[in-house]
Amino acid sequence: MYDLNSLGAVSYAGLDLICVFIILSVGILRRFYLKGISTGAEWVIYALGVCYSVNLVCDAVWALGESSGALSPGAFYLVNSVYFVTLMAGSACWFVYAMNALGRKRIARLSVLILLLLPAAAVACLAVTARSNGLLFYLSGAGKYERGSLFPVFAVINYGYICAAAAAALWSFCRRKGGVVIFLASLPVLGIALLHLVVQINYASIGFMLMLFILFWGEVLKFSAAHREQQRSLTRMSESLSRQEKQALLREQTARILAADYDSVFVVNSGTRFVTTLRLTAEYDSLVERLPEEQDFYKRVEDGVRRNVHPEDRDFIARQLSPANVETRLRLQQSFSLVYRTVKDGRSYYNRMKLARGDDPDYFVVGIKNIDAEITREIESEKQRHTLEMMKVFYGLAEDFACVLQINAGDGTDTLYTIDGNTAFPEDLRQPSMLYADRMALIRDSCVAPEDRLGFRRATHLENVRVQLERYKVYYYNFHLIVGGMSQNWQVKYIRSGSEPAGLVCGFRNTDREVNIIEQNRRLEKETERQNAFFNLFAADYVSAFYIDLDTGSFTAYKIQPQLEDALRIADFEEAMAAY
């Protein structure tokens, strides 16, 4: 039983009526702001507002009547019956709206709803028949409101609908399917109910008002977002129309730019693959020459590759001009070019194809140009540059080397650039070009000294030369060459030929003079060491000291007595001793 004197019946009733005013205001604002009722769910919302408004009015009338004792028994049962029926109807409406808004189609079906709303109907029947059975509420002997024995059942059913709606909304929110507004709107009613159970104070009016206010605010935000999206869609549509005109102009400008440098220019729609010819010349066959309008670009390219492209370039061009590869490359780098050869009248011609995409992602432009003369000039220029580079190397070697070879390490061939007529190389080694391995084998078998042939074979093997030049800038090997029956000292030297990774230069030269000089220097050093040793040994104790070469009979005097000077002028030691 409530002590309305302590709560203040007038204040309590005033709070109820203020909440009714707010609920009705929210309904009116919703009516005009959201453009009225449009679906069955909207009717449920308005029914919810009406039920809670009537419920709060009945609550206010009961509060004033309870405090003043002005309510007759009939009015008491009428007001409270309407109160319980509208409260249960409001909770049922909220449950129906929530299930429909959350997309619970199985629950929203009529047969299932009727089954779920049977408890609410049973409570409504108890409220209507309360005067006869007093199970839900009754009027005490003191003329006060008292709860019946089944009132807890009413509370469980009433707030059970709201709890079920809140739980369903929370589940949808966790699965990222919305429901946050319904969950937040359910919280005030559940909070007020909990407060009612704990401290026996009924502020349900505030809970109902906040529920409808949160629901209305969520719908306003949703409507505003939809309105903004609609405005953005209209703006995008307007911009799209103007952008289409602008993009058409950009496509034409891009094509015109290509047309200044390319023989044939086409515009291709990426979506439909239709092609539009802007400019076409027929001097040389190309991949898409005489391509009809509104034809599949890639299909015609496939036919053109099969009919016109050089056999060695077909697989490469077919892969590069596949739809997936073209779209990927244009998305990553905006434009790319391909060089390929076409065949006409038995002759091949070089062509360049450029594919470019501007600001319009739905189109790209294709330009085709014959570059045969340009490629020919580049090839000749490269040959001349390479020849000059090689000649610098050859001239530098030719000054000291009797034979210079250019070696292609890729295919194992060589080219003879210079050979000294005085060398021992036979005539069959003077061929301008032959296999490097064959030339080395002929040199080894016909000219190299037998004791050096195995080492010469290993040292001049092309794989060994490559390995050595990876470690050192210059690689050389010394061997003996048989010339006129005499053994001569020779050297073969290898260096790389400039920037060509597969190019090597090999030179042969006679090193007899160098070897003789080295040998003489070695003998002189050895003789000097010996003379110094004998001098240091005998000069301190003897008046005369001589160094005698037992092989030649020559001698050298280091410390001489005066009476021996004439005799020692004789070169031979024995004659000198005899004269002495």
When residues of the stretch 129-156 are filtered for being touching a Phe, Trp or Tyr at 6+ places or on another chain (Cβ under 9 Å) and in a helix (DSSP H, G or I), how many remain? 4
In the stretch 167-186, which residues are over 40 Å from the mean Cα position of the chain (by Cα) and part of a loop (DSSP other than H, G, I, E, B)? none
In the stretch 44-64, is there at least one residue being modelled with pLDDT under 75, assigned by TED's automatic domain parsing to the domain that holds ALA124 and small (Gly, Ala, Ser)? no
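Matching residues to (1) crowded, with 17+ Cβ neighbours inside 10 Å; (2) among the aliphatic types (A, V, I, L, M):
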site: LEU118; (1), (2): no, yes
site: ALA122; (1), (2): no, yes
site: LEU126; (1), (2): yes, yes
site: LEU139; (1), (2): yes, yes
site: LYS144; (1), (2): no, no
site: PHE151; (1), (2): no, no
site: ASN158; (1), (2): yes, no
site: ALA166; (1), (2): yes, yes
Residue among LEU102, LEU115 that alone is within 30 Å of ALA168 (Cα to Cα), of a type in the set (A, V, I, L, M, F, W, C) and touching a Lys or Arg at 6+ places or on another chain (Cβ under 9 Å): LEU102
Mind telling me which of the residues VAL404, VAL365 ends up being assigned to a strand (DSSP E or B), at pLDDT 75 or above and farther than 29 Å from VAL339 by Cβ? VAL404
Only one of ASN133, ASN100 is closer than 30 Å to LEU71 by Cα, assigned by TED's automatic domain parsing to the domain that holds ILE45 and modelled with pLDDT of 75 or more, namely ASN133
Residues that are in contact with an Asp or Glu (Cβ under 8 Å, 6 or more places away or on another chain) and at pLDDT below 85: which strands (runs of 3 or more DSSP E) entirely in the stretch 445-543 hold 2 or more of them? 503-510
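Table: residues versus (1) more than 18 Å from ASP411 (Cα to Cα); (2) among the basic types (Lys, Arg); (3) touching a residue at least 40 places away in the same chain (Cβ under 8 Å); (4) not assigned by TED's automatic domain parsing to the domain that holds GLY412.
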| residue | (1), (2), (3), (4) |
| --- | --- |
| LEU454 | yes, no, no, no |
| GLU463 | no, no, no, no |
| LEU469 | no, no, no, no |
| ASN478 | yes, no, no, no |
| ILE517 | yes, no, no, yes |
| ARG523 | yes, yes, no, yes |
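The values are calculated or read from the model by the stated rules, or taken from the named source; none is laboratory data. From a predicted model like this one, the values you see are computed outputs, not experimental measurements. Note that each Cβ is placed from the backbone with ideal geometry, even for glycine, and that neighbours are counted across all protein chains shown.
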